[in-house]
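The values are calculated or read from the model by the stated rules, or taken from the named source; none is laboratory data. No experiment lies behind these values; they were computed from the predicted model shown. Note: ideal-geometry Cβ built from the backbone for every residue, glycine included; neighbour counts use all protein chains shown. Calculation scope for accessible area: heavy atoms of the full protein, side chains included, ligands and nucleic acids excluded. Shrake-Rupley method; radii C 1.70, N 1.55, O 1.52, S 1.80 Å.
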Amino acid sequence: EKGGFPSFMAKEIHDQPQAIADTLLGRVDAGGRLQLDEMKISEAELRTVDKIVVIACGTAAYAGQVAKYAVEHWCRIPVEVELAHEFRYRDPVVSERTLVVAISQSGETMDTIMAVRHAREQGAKVLAICNTNGSTIPRESDAVLYTHAGPEIAVASTKAFLAQITACYLLGLFLAQLRGNKFSDEVAQVLEQLHEIPGQVRQVLDGLEQVREIARYMADTRSVLFLGRHVGYPVAMEGALKLKELAYIHAEGFAAGELKHGPIALVEPGQPVFVVVPSPRGRDSLHSKVVSNIQEVRARGARTLVIAEQGDTAVEPYADVVIRVPQTSTLLSPLLAVVPLQVFACELATAKGLDVDQPRNLAKSVTVE
Ligand code: M6R
């Protein structure tokens, strides 16, 4: 059932183009409207939404963080992303005009279930983005948008993550269109780019022999840092989480702009640092800031492993290794940039002889608080 792959995780990473394509499939009707699976929130109510709060845990929360950049840009609605277990013990400021988006692969994460209940008690509407039909979170929510990633067996989430980001993007595009704001003209163009992503993920997967080789050489590494800015920041966090949970290596992801506020003190000669570089075709200063960050850690002896778009030559002088991803818009780039980091963690853990599908101390679904 692993389809010839050494682990479920390797198979699930390979299945990602399908997971994204299936999540997109049949979602947009002829009029360009998003089809949700279940919707007990009226369009009139959605038009009045003045704040979105994403609640989730672990990888699902990083999907929410990625979505924040896109949804705020497209919809001009403020988006907060909060870990479900933090949200539920606060006195959160939510109202009938707040749309709470609960993201969960399993739909059974107890912290997220409790946060959904807490949000509804305060009068908020809850929309679930979930991969498991009929599970508790969608059952307790007002609306559901299912991710069609198929069953995810490996404890580490991979294909569900990409499907969650895809579903969040669909939701963001739908809200932008519904609210008829300035951005709504661009919706068709973004949808078109989104439909190209499965093929581009396949291209990334087909070109990762170099990453696999590097991972095998790094089996004795004690610590790896991950840097990113903008949408690259949650990608860096997700890369670090994958490495911790699978390979039991100390890994830390942080916003590249934080470097000089502390973390750069960690960099010593030989320290591996992954850097997620935004597109040079996007906001110019964003790209050049990240290139400067690569230079800063390299000057302190870091070994820089840089994920950059095809054709971005500016990174070459400062990168020990360049991992290429196809060109897309900055907001969609996490769907490509995270893939080498997943493969890196999976390969390194395998090289250490670890069980990548069942890492120690972890459960696939955390059904206790
Ligand atoms: O089933 P859920 O999406 O609610 O699970 C949330 C987290 O427990 C999950 O993403 C966890 O962080 C994974 N092990 C990450 O790979």
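Take Leu331 and tell me if it is more than 16 Å from the ligand (Cβ to nearest atom), open to solvent by 20 Å² or more (accessible area, probe 1.4 Å) and under 21 Å from the mean Cα position of the chain (by Cα). Yes; evaluated as a whole, the condition is true for this residue. Within the set Ala337, Ala299, the sole residue that is open to solvent by 30 Å² or more (accessible area, probe 1.4 Å) and modelled with pLDDT of 95 or more turns out to be Ala299.
The residue pairs whose first member lies in the range 222-235 and is aromatic (Phe, Trp, Tyr), whose second member is open to solvent by 30 Å² or more (accessible area, probe 1.4 Å), and whose beta carbons are closer than 8 Å, counting only pairs six or more residues apart or on different chains, are Phe226/Met237; Phe226/Glu252; Tyr233/Gln65.
Could you tell me whether any residue of the range 133-145 is within 14 Å of the ligand (Cβ to nearest atom), in a strand (DSSP E or B) and out of contact with any Lys or Arg (no Cβ under 9 Å at 6 or more places or on another chain)? Checked against the condition, which is being within 14 Å of the ligand (Cβ to nearest atom), in a strand (DSSP E or B) and out of contact with any Lys or Arg (no Cβ under 9 Å at 6 or more places or on another chain), the range 133-145 yields no hits at all.
The single residue among Glu86, Glu80, Glu96, Glu108 that is part of a strand (DSSP E or B) and either open to solvent by 10 Å² or more (accessible area, probe 1.4 Å) or away from the ligand (no atom under 14 Å from the Cβ) (or both) turns out to be Glu80. Sub-8 Å Cβ pairs linking a first residue in the range 125-143 that is in contact (Cβ under 8 Å) with a residue 12 or more places away in the chain to a second residue that is of a type in the set (Asp, Glu) and near the ligand (Cβ under 9 Å from one of its atoms), at least 6 apart or interchain, are Asn131/Glu152; Thr132/Glu108; Ser135/Glu108; Thr136/Glu108; Ile137/Glu108, ordered by first then second residue.
What about Gln210, is it open to solvent by 50 Å² or more (accessible area, probe 1.4 Å) and assigned to a helix (DSSP H, G or I)? Yes: the conditions hold for Gln210. In the range 165-186 there is no residue matching the filter, namely being among the polar types (S, T, N, Q), closer than 21 Å to Ala10 by Cα and not in a helix (DSSP H, G or I). Looking at this structure, is Val126 open to solvent by less than 10 Å² (accessible area, probe 1.4 Å) and within 13 Å of the ligand (Cβ to nearest atom)? Answer is no for this residue. Beta carbons closer than 6 Å, at least 6 apart along the sequence or on distinct chains, pair a first residue in the range 304-324 that is open to solvent by less than 60 Å² (accessible area, probe 1.4 Å) with a second that is among the charged types (D, E, K, R) and in a helix (DSSP H, G or I) for Thr304/Arg298. Listed by first and then second residue, the pairs linking a residue in the range 29-54 that is free of Cβ contacts under 8 Å to residues at least 24 places away in the same chain to a residue that is surrounded by 16 or more Cβ atoms within 10 Å (Cβ to Cβ) and part of a loop (DSSP other than H, G, I, E, B), with Cβ atoms under 9 Å apart and 6 or more places separating them unless they lie on different chains, are Gln35/Arg27. Residues that are more than 16 Å from the ligand (Cβ to nearest atom) and open to solvent by less than 10 Å² (accessible area, probe 1.4 Å) within the range 54-77 comprise Ala70, Trp74, Cys75, Ile77, listed in sequence order.
Every residue, every condition in (1) within 23 Å of Glu316 (Cα to Cα); (2) crowded, with 18+ Cβ neighbours inside 10 Å; (3) not acidic (Asp, Glu), yes or no:
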| position | (1), (2), (3) |
| --- | --- |
| Glu238 | no, yes, no |
| Leu259 | yes, yes, yes |
| Pro272 | yes, yes, yes |
| Ser288 | yes, no, yes |
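Residue-level analysis places Ile294 among those that are of a type in the set (A, V, I, L, M, F, W, C), away from the ligand (no atom under 16 Å from the Cβ) and assigned to a helix (DSSP H, G or I). Considering the conditions (1) within 22 Å of Ile153 (Cβ to Cβ); (2) more than 23 Å from the chain's Cα centre (by Cα), Asn131 is excluded by exactly one of them, (2). Of all residues in the range 207-248 being in contact with a Pro (Cβ under 8 Å, 6 or more places away or on another chain) and among the charged types (D, E, K, R), which is farthest from the ligand (Cβ to nearest atom)? The extreme case among them is Arg229. Taken together, Gln358, Gln327, Gln342 contain a single residue that is touching an Asp or Glu at 6+ places or on another chain (Cβ under 6 Å), of a type outside the set (A, V, I, L, M, F, W, C) and either at pLDDT 95 or above or not in a helix (DSSP H, G or I) (or both), which is Gln327.
Table: residues versus (1) away from the ligand (no atom under 16 Å from the Cβ); (2) modelled with pLDDT of 95 or more; (3) open to solvent by 10 Å² or more (accessible area, probe 1.4 Å).
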{"position": "Ala156", "(1), (2), (3)": "no, yes, no"}
{"position": "Phe161", "(1), (2), (3)": "no, yes, no"}
{"position": "Leu173", "(1), (2), (3)": "yes, no, no"}
{"position": "Ser184", "(1), (2), (3)": "yes, no, yes"}
